[in-house]
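The values are calculated or read from the model by the stated rules, or taken from the named source; none is laboratory data. It should be emphasised that the depicted structure is a prediction, and the values quoted were computed from it without experimental measurement. Every residue, glycine among them, receives a Cβ derived from its backbone with ideal geometry; neighbour counts consider all protein chains shown.
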Amino acid sequence: MQQQISKFLRCIEEQRFYDAHEVFEEVWFPRRFEKNGEVELLKGFINAAVSFELYKRKRYHQSKKVWKNYLKYRQLLYKLQTPYTNEYHQLVRYLDSYNKSLKTH
């Protein structure tokens with residue numbers, strides 16, 4: 001999972017949002033029906049990547065709507081017990097900061 005987190009972050013940094021989406025989609029999709037906070041958090045990260053891709057395509061209203069889905073799942077981070085807690089926190093900080101920077105342009 002460490003490798004996927006790093007790859008997702010790298011794709012976001014390089015503004016390859018669709019690719020970032022695909023990185024976590026591979027992990028999330030087979031487990032999507034599990035009642036598992038970490039799986040749901042991954043869905044949130046996928047939503048963040050989709051939101052950025054929509055923004056890039058100037059579909060601002062849709063981007064904002066999908067970002068709200070990310071925010072809904074982001075709160076699960078604070079309830080998880082996972083060996084990747086630090087990495088997820090770093091990812092959340094980066095995603096939130098990137099989203100905030102979009103609003104200033």
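Please go through segment 78-105 and give me each residue that is at pLDDT below 95 and hydrophobic (A, V, I, L, M, F, W, C), ordered by number.
Within segment 78-105, 80, 102 qualify.
Of the residues that sit in segment 75-105 and are touching a residue at least 60 places away in the same chain (Cβ under 8 Å) and hydrophobic (A, V, I, L, M, F, W, C), which one is farthest from residue 18 (Cα to Cα)?
91
Take segment 16-68 and flag every residue that is of a type in the set (Phe, Trp, Tyr) and more than 16 Å from residue 101 (Cα to Cα). It would help to see each step written out before you state the result.
Filtering segment 16-68 down to residues of a type in the set (Phe, Trp, Tyr) leaves 17-18, 24, 28-29, 33, 45, 52, 55, 60, 67.
If the condition is that a residue be of a type in the set (Phe, Trp, Tyr) and more than 16 Å from residue 101 (Cα to Cα), then 18, 24, 28, 29, 33, 45 are the ones that fit.
Sort through 64, 58, 72 and tell me the only one that's without any contact (Cβ under 8 Å) to a residue 24 or more places away in the chain, assigned to a helix (DSSP H, G or I), charged (D, E, K, R) and out of contact with any Phe, Trp or Tyr (no Cβ under 6 Å at 6 or more places or on another chain). If you could, list the steps in order and put the result at the bottom.
On the way: 58 fails: assigned to a helix (DSSP H, G or I); 72 fails: without any contact (Cβ under 8 Å) to a residue 24 or more places away in the chain.
Among 64, 58, 72, only 64 is without any contact (Cβ under 8 Å) to a residue 24 or more places away in the chain, assigned to a helix (DSSP H, G or I), charged (D, E, K, R) and out of contact with any Phe, Trp or Tyr (no Cβ under 6 Å at 6 or more places or on another chain).
Of the residues 79, 68, which is loosely packed, with under 13 Cβ neighbours inside 10 Å and touching a helix residue (DSSP H, G or I) at 6+ places or on another chain (Cβ under 8 Å)?
Numbers: 68 fails: touching a helix residue (DSSP H, G or I) at 6+ places or on another chain (Cβ under 8 Å).
From the options 79, 68, the qualifying one is 79.
Residues 74, 57: which one is among the basic types (Lys, Arg), surrounded by 15 or more Cβ atoms within 10 Å (Cβ to Cβ) and at negative phi?
On the way: 57 fails: surrounded by 15 or more Cβ atoms within 10 Å (Cβ to Cβ).
Within the list 74, 57, the selection yields 74.
For segment 4-20, what are the residues that are surrounded by fewer than 19 Cβ atoms within 10 Å (Cβ to Cβ) and either within 18 Å of residue 54 (Cα to Cα) or at pLDDT below 95 (or both)? Walk me through how you get there before you give the answer.
Residues of segment 4-20 that are surrounded by fewer than 19 Cβ atoms within 10 Å (Cβ to Cβ), as a first pass: 4, 6-7, 9-10, 13-16, 18-19.
Passing the criteria: 9, 13, 14, 15, 16, 18, 19.
Cβ-Cβ distance below 9 Å, separation of 6 or more or different chains: which pairs start in segment 10-25 with a residue that is at positive phi and end on one that is aromatic (Phe, Trp, Tyr)?
Every condition considered, the pairs that remain are 15/52.
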